Amino acid sequence: MSAIKAPKGTYDLLPDDAARRAHVVATAARLFAAYGYRRVVTPEFEETGLFARGVGEATDIVRKEMYTFLDKGERSLTLRPEGTAPVCRAYVEHGLHTWPQPVKLWYYAPMFRYERPQAGRFRQHYQLGVEAIGSSRPEVDAEVIALLGALFEALEVADVRLKMNSMGDAACRPAYVERLRGFLRGRREELCGDCRERLELNPLRSFDCKVASCRAVLDEAPRIADHLCDDCRSHFEQVLELVSLAGLRPELDFRLVRGLDYYTRTTFEFSSDVLGAQSGVGGGGRYDGLIEQIGGPATPGVGWGAGLERMALSMRTLPLPAPGPDAFVVSFADDARASAFALAQQLRGAGFTTELDLAGRSPKGQLKQAGRSRARYAVLVGLDELATGFVRLRSMDGGGEEDVLAAALPARLAALHEE
RNA sequence: GUGGACGUAGCUCAGAUGGUAGAGCUCCAGGUUGUGGCCCUGGUGGUCGCGGGUUCGAGUCCCGUCGUUCACCCCA
């Protein structure tokens with residue numbers, strides 16, 4: 001009988017890593033608050049239709065990467081593969097269009113995709129994300145991008161670059177897609193098998209194909225930037241200007257098309273060179289048609305998601321100095337263990353982080369643990385020479401000792417803490 | 001879904017040409033019966049991923065399988 005291991009593509013965060021993760025999330029939360037974003041929590045699973053309609057039937061995510069199952073009521077449910085559609089669903093369901101627009105939300109949640117794991121890619125991964133729903137103004141695009149840039153700066157994510165593109169909208173994209181399709185059909189013989197399929201399904205996807213022959217063809221293909229309608233062009237120019245004002249240096253990248261169908265106009269991605277093949281740490285864009293697509297009123301929105309695992313991989317490592325407890329209570333006699341236990345409870349109640357031997361160690365062993373735990377003070381209980389009611393308080397760095405009435409210990413520790 | 005590399009104690013790894021398992025770290029205990037993270041000594045801990053095969057004999061060779069990992073694909 002072999003022991004059970006964590007499922008493929010998942011991982012455990014042991015205390016040191018969990019503490020680092022908490023630090024990242026706390027840093028992000030402060031930043032979100034500064035920008036006026038409030039946290040939203042949505043379910044881990046949704047009706048399958050939300051993603052099929054929202055993310056797009058033609059996307060890889062929907063076609064082959066979703067964890068979909070029937071529950072006991074024969075409902076088709078799917079573990080959330082991405083964060084935007086659920087937040088939009090909640091926006092519609094709770095009538096958030098009655099709030100001041102745009103509604104600015106953030107989330108920290110696990111995402112599930114059935115993929116082959118590799119560096120920086122998991123079947124359950126965590127994303128930090130924001131969505132600003134209800135305004136189509138370029139300032140909103142710029143704000144969310146600036147926010148993500150600020151987050152990477154605050155976390156010291158190494159060697160990040162910002163790539164941006166515009167995907168056009170319902171007014172100009174359809175005509176452009178047809179033009180692109182026509183061009184690619186003419187060069188069909190030079191394309192790889194995948195791209196020949198994409199040709200019919202979604203020719204835009206060929207732009208991020210890595211096959212050399214395809215890249216050569218796409219280099220010569222008509223570019224969306226040259227076929228944007230006036231509104232889209234103007235919007236994109238304003239976003240670029242504002243993003244630059246925020247101190248970022250966006251690089252235009254006509255290959256940046258992203259694999260979710262809901263994107264319109266602005267798309268962007270931050271990548272880090274230290275990551276390997278999966279270089280994108282965070283990315284997103286505008287999705288002005290999504291809410292209508294999932295059955296709500298036509299409502300513009302823009303947002304991004306950023307992968308916690310990839311952030312952790314690309315952060316310049318900051319050693320977290322896990323502090324030791326304030327006190328370690330040591331019993332010097334077996335019949336003192338109960339009062340040691342009670343004393344530890346008393347100290348914890350007074351707000352001091354307190355450890356106590358739970359393994360039946362000898363006094364020497366307990367003191368050794370106190371040292372290894374880097375406790376500031378050891379509290380010695382049950383010494384023969386102590387007067388009743390007294391314990392001995394020893395500083396673990398200096399070694400200085402004093403005998404204190406047990407009942408007065410919290411006050412004495414507080415006083416020492418003041419010094 | 002495709003391809004490459006790898007799978008020996010909790011962790012990092014050693015085990016030439018097949019002969020029946022080791023180190024360091026961790027953990028635990030001792031170092032004169034009641035006192036510190038270092039040091040010293042000892043100890044716990046392994047169906048050598050799993051299943052077949054070849055062989056008198058396999059951790060070492062072959063096949064399969066599962067897992068890890070890197071890349072493709074796609075994305076965070």
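The values are calculated or read from the model by the stated rules, or taken from the named source; none is laboratory data. Note that this is a predicted model, so its numbers are computed, not measured. Cβ: placed from backbone, ideal geometry, glycine included. Neighbour counts: every protein chain shown. SASA here: full protein model, heavy atoms, side chains in, ligands and nucleic acids out. Shrake-Rupley method; radii C 1.70, N 1.55, O 1.52, S 1.80 Å.
Can you find, within the stretch A:46-74, the residue that is nearest to RNA strand B (Cβ to nearest atom) among those that are assigned to a loop (DSSP other than H, G, I, E, B) and in contact with a Phe, Trp or Tyr (Cβ under 8 Å, 6 or more places away or on another chain)?
So, considering only residues that are assigned to a loop (DSSP other than H, G, I, E, B) and in contact with a Phe, Trp or Tyr (Cβ under 8 Å, 6 or more places away or on another chain), the one nearest to RNA strand B (Cβ to nearest atom) is A:E65.
Would you confirm, using the coordinates I've provided, whether A:A407 is open to solvent by less than 60 Å² (accessible area, probe 1.4 Å) and either more than 16 Å from A:A336 (Cβ to Cβ) or more than 9 Å from RNA strand B (Cβ to nearest atom) (or both)?
So A:A407 does not fit the description; no.
Between residues in the stretch A:1-24 that are among the aromatic types (F, W, Y) and residues that are within 13 Å of RNA strand B (Cβ to nearest atom), which pairs lie under 7 Å by C-beta distance while being six or more apart or on different chains?
A:Y11/A:F122
Can you tell me which of (1) within 8 Å of RNA strand B (Cβ to nearest atom); (2) assigned to a helix (DSSP H, G or I); (3) surrounded by 13 or more Cβ atoms within 10 Å (Cβ to Cβ) is the one A:R392 doesn't meet?
(2)
How many residues, within the stretch A:55-70, are farther than 23 Å from A:G9 by Cβ and either free of Cβ contacts under 8 Å to residues at least 12 places away in the same chain or open to solvent by 50 Å² or more (accessible area, probe 1.4 Å) (or both)?
Of the residues in the stretch A:55-70, 1 are farther than 23 Å from A:G9 by Cβ and either free of Cβ contacts under 8 Å to residues at least 12 places away in the same chain or open to solvent by 50 Å² or more (accessible area, probe 1.4 Å) (or both).
Every residue, every condition in (1) among the hydrophobic types (A, V, I, L, M, F, W, C); (2) farther than 30 Å from A:L96 by Cβ, yes or no:
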residue	(1), (2)
A:A154	yes, no
A:A158	yes, yes
A:K163	no, yes
A:L180	yes, yes
A:L191	yes, yes
A:L199	yes, yes
A:D226	no, yes
A:D231	no, no
A:V239	yes, no
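Residue by residue, here is whether (1) away from RNA strand B (no atom under 16 Å from the Cβ); (2) modelled with pLDDT under 90; (3) open to solvent by less than 50 Å² (accessible area, probe 1.4 Å) holds:
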| position | (1), (2), (3) |
| --- | --- |
| A:C192 | no, yes, yes |
| A:A212 | no, yes, no |
| A:R223 | yes, no, no |
| A:D226 | yes, no, no |
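Kindly indicate the residue of the stretch A:128-142 that is surrounded by 22 or more Cβ atoms within 10 Å (Cβ to Cβ) and under 22 Å from A:A90 (Cα atoms) and also farthest from RNA strand B (Cβ to nearest atom) among those meeting that condition.
Applying the filter and picking the extreme gives A:V140.
Are any residues in the stretch A:238-284 open to solvent by 60 Å² or more (accessible area, probe 1.4 Å), aliphatic (A, V, I, L, M) and part of a helix (DSSP H, G or I), and if so, which ones?
A:L245 - this is the single residue of the stretch A:238-284 that is open to solvent by 60 Å² or more (accessible area, probe 1.4 Å), aliphatic (A, V, I, L, M) and part of a helix (DSSP H, G or I).
Is it the case, given these coordinates, that A:L413 is near RNA strand B (Cβ under 7 Å from one of its atoms) and either modelled with pLDDT under 95 or open to solvent by less than 40 Å² (accessible area, probe 1.4 Å) (or both)? Step through it out loud before you land on a result.
Numbers: near RNA strand B (Cβ under 7 Å from one of its atoms): no; either modelled with pLDDT under 95 or open to solvent by less than 40 Å² (accessible area, probe 1.4 Å) (or both): yes.
The answer is no for A:L413.
So the check is Cβ under 6 Å with 6+ separation or different chains; which pairs have a first residue in the stretch A:294-306 that's farther than 11 Å from A:I133 by Cα and touching a residue at least 24 places away in the same chain (Cβ under 8 Å) and a second one that's polar (S, T, N, Q) and within 13 Å of RNA strand B (Cβ to nearest atom)?
A:G305/A:Q127
Yes/no matrix, rows are residues, columns are (1) of a type in the set (D, E); (2) near RNA strand B (Cβ under 10 Å from one of its atoms); (3) over 23 Å from the mean Cα position of the chain (by Cα); (4) surrounded by fewer than 24 Cβ atoms within 10 Å (Cβ to Cβ):
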| site | (1), (2), (3), (4) |
| --- | --- |
| A:Y287 | no, no, no, no |
| A:E292 | yes, no, yes, yes |
| A:P297 | no, no, yes, yes |
| A:G301 | no, no, no, no |
| A:G305 | no, yes, no, yes |
| A:R316 | no, no, no, yes |
| A:P323 | no, no, yes, yes |
| A:D326 | yes, no, yes, yes |
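Out of all the residues in the stretch A:16-42, which are in a loop (DSSP other than H, G, I, E, B) and in contact with a Leu (Cβ under 9 Å, 6 or more places away or on another chain)? Can you show your working first?
Residues of the stretch A:16-42 in a loop (DSSP other than H, G, I, E, B): A:35-37, A:40-42.
Correct list: A:Y35, A:Y37, A:V40.
Looking at the stretch A:92-104, can you tell me whether even one residue there is assigned to a loop (DSSP other than H, G, I, E, B), touching a Gly at 6+ places or on another chain (Cβ under 7 Å) and surrounded by 15 or more Cβ atoms within 10 Å (Cβ to Cβ)?
Within the stretch A:92-104, one or more residues are assigned to a loop (DSSP other than H, G, I, E, B), touching a Gly at 6+ places or on another chain (Cβ under 7 Å) and surrounded by 15 or more Cβ atoms within 10 Å (Cβ to Cβ).
Confirm whether A:L218 is surrounded by 13 or more Cβ atoms within 10 Å (Cβ to Cβ) and not small (G, A, S).
So A:L218 passes the test.
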